[in-house]
Amino acid sequence: MVIPIKWKLFGVLLLGLMALVSIPKVQGNDVGGVMTFTDDTGDKWFNDVKNFVEIISSQPHWYQGFLKDYPNVGSYMWIEEDYGGQDNNYADYTELSLVLGHSCVYNNEIGIGFGDKGCALPEKVRLGYKSPDGYGWAIWTFIIQCSVLNDNNVNNWLEALAGIHMILGFAKEAKIALGDATELAYRLTGTGGYPKESVHDAFFDTYVAYDGTHNDNIARIIAENAEVADNDYLDSFDRYIPVDSTKIIITCSLG
């Protein structure tokens with residue numbers, strides 16, 4: 001497969017000290033996905049993530065950024081580091097990313113789990129153009145793992161929004177089925193027999209439903225503000241939103 005050449009540029013301004021200045025991409029947006037189940041016999045779950053990435057990257061102006069399967073994954077993919085850190089090649093390098101697997105617990109705090117390859121705790125995750133390293137492209141991150149955004153843990157994630165529009169996950173155990181990631185991609189793109197939906201609606205409609213599998217899910221979104229939560233579509237969003245200490249949390253469940 002030939003991958004289009006893209007340029008993601010940064011400028012350097014010398015004012016006594018070196019400061020990093022992000023410059024908008026010349027072309028297109030990236031989508032990435034990882035699967036972290038350690039016992040994925042036959043790559044069934046990985047193929048669902050692969051479908052997600054390929055459906056999104058088939059859309060105009062979208063390109064495949066990364067696609068990784070266990071054990072070729074790790075917390076470095078989501079953890080903020082100095083410029084040149086690995087998150088700049090993965091979660092914070094892509095506009096749209098998805099991680100599927102089991103969450104992790106460290107000192108009673110729940111993070112993004114990568115099996116025995118590490119745990120990305122919320123205070124180590126910074127996504128968006130206001131990331132501390134001055135480099136970030138992330139717009140939306142889907143965390144398809146249990147309880148990462150639970151009631152006791154959700155506030156820990158608020159500072160992770162550093163220019164990213166939304167983090168989308170679950171407030172308790174995530175009930176999922178093979179094909180969910182594929183369906184999510186169809187809803188985002190308006191393909192596969194689904195009408196095109198906003199990012200907010202596509203996530204809730206995929207993972208909260210009276211269908212015998214997703215009935216008990218409590219899905220949750222942390223958004224920078226109501227404007228992005230209500231109006232973001234795959235091909236319609238304002239990349240540079242104001243970043244402040246105010247966020248909104250939206251929870252969806254079936255009564």
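Subtracting the Cα-Cα distance from 0.36 nm times the residue separation, let me have the gained length for Thr191 to Asp244 in nm, one decimal.
Length difference between fully extended and current span is 15.6 nm.
Find the lysine pairs in the chain meeting two conditions, Cα atoms under 18 Å apart and a separation of 8 or more places or different chains, and report how many there are.
Final tally of qualifying lysine pairs is 9.
Roughly how far apart, in whole Å, are the Cα centres of the stretch 185-239 and the stretch 42-96?
19 Å
Tell me whether the stretch 139-206 comes out rounded, prolate or oblate; compute the Cα gyration tensor, take square roots of the eigenvalues as a ≥ b ≥ c, and use a/c under 1.5 as the rounded threshold. Please report the intermediate quantities before stating the final value.
Numbers: a/c = 3.00, a/b = 1.53, b/c = 1.96.
Note, shape of the stretch 139-206 comes out oblate.
Length gain on complete extension for the stretch Asn72 to Asp211, per 0.36 nm per residue less the alpha carbon to alpha carbon distance? Don't skip to the end; give the middle numbers.
Details: separation 139, 0.36 × 139 = 50.04 nm, distance 3.35 nm.
The span from Asn72 to Asp211 would gain 46.7 nm if fully extended.
To the nearest 20 debye, what charge dipole does the chain have about its Cα centre, counting +1 at the Cβ of each Lys and Arg and -1 at the Cβ of each Asp and Glu? The partial results should precede the final answer.
On the way: 17 positive and 34 negative charges, 86 e Å.
Dipole magnitude for the chain comes out near 420 debye.
Within the chain, which is the longest segment that contains none of the chymotrypsin sites (Phe, Trp or Tyr not before Pro) sitting in a DSSP loop with at most 14 other Cβ atoms within 10 Å? It would help to have the intermediate numbers written out before the result.
Working: sites that count: Trp7, Tyr83, Tyr210, Tyr240.
Excluding the exposed sites themselves, the longest stretch runs over 84-209.
With each label point set 7 Å from Cα along the Cα-Cβ vector, what nm distance links Asn155 and Asn225?
2.4 nm
If you take every DSSP beta bridge whose two residues both sit in the stretch 26-252, what share of them, in percent to the nearest 5, is antiparallel? Write down the numbers at each step before the final one.
Numbers: 16 of 38 bridges.
Counting DSSP beta bridges with both partners in the stretch 26-252, the antiparallel share is about 40 percent.
For the chain, which cysteines have no second Cys with its Cβ under 4.7 Å from theirs?
Here Cys146, Cys252 come out as lacking a disulfide-compatible partner, given the Cβ-Cβ threshold of under 4.7 Å.
Once R0 is set to 30 Å, what does the formula 1/(1 + (r/R0)^6) return for the Cβ-Cβ distance between Val105 and Asp201, expressed as a FRET efficiency to the nearest 0.05? Each step should come with its number before you reach the end.
Numbers: r = 31 Å, r/R0 = 1.02.
Taking R0 as 30 Å, the efficiency between Val105 and Asp201 is 0.45.
Want the number for Ser253 to Asp39: 0.36 nm per residue separation, take away the alpha-carbon distance, what's left?
74.1 nm
Read-outs: derived from the displayed coordinates by stated rules, not from any lab. These numbers were taken from a predicted model, which means no experiment stands behind them. When we count neighbours, we look across all protein chains shown, and the Cβ atoms used for this are built from the backbone with ideal geometry, even at glycine.
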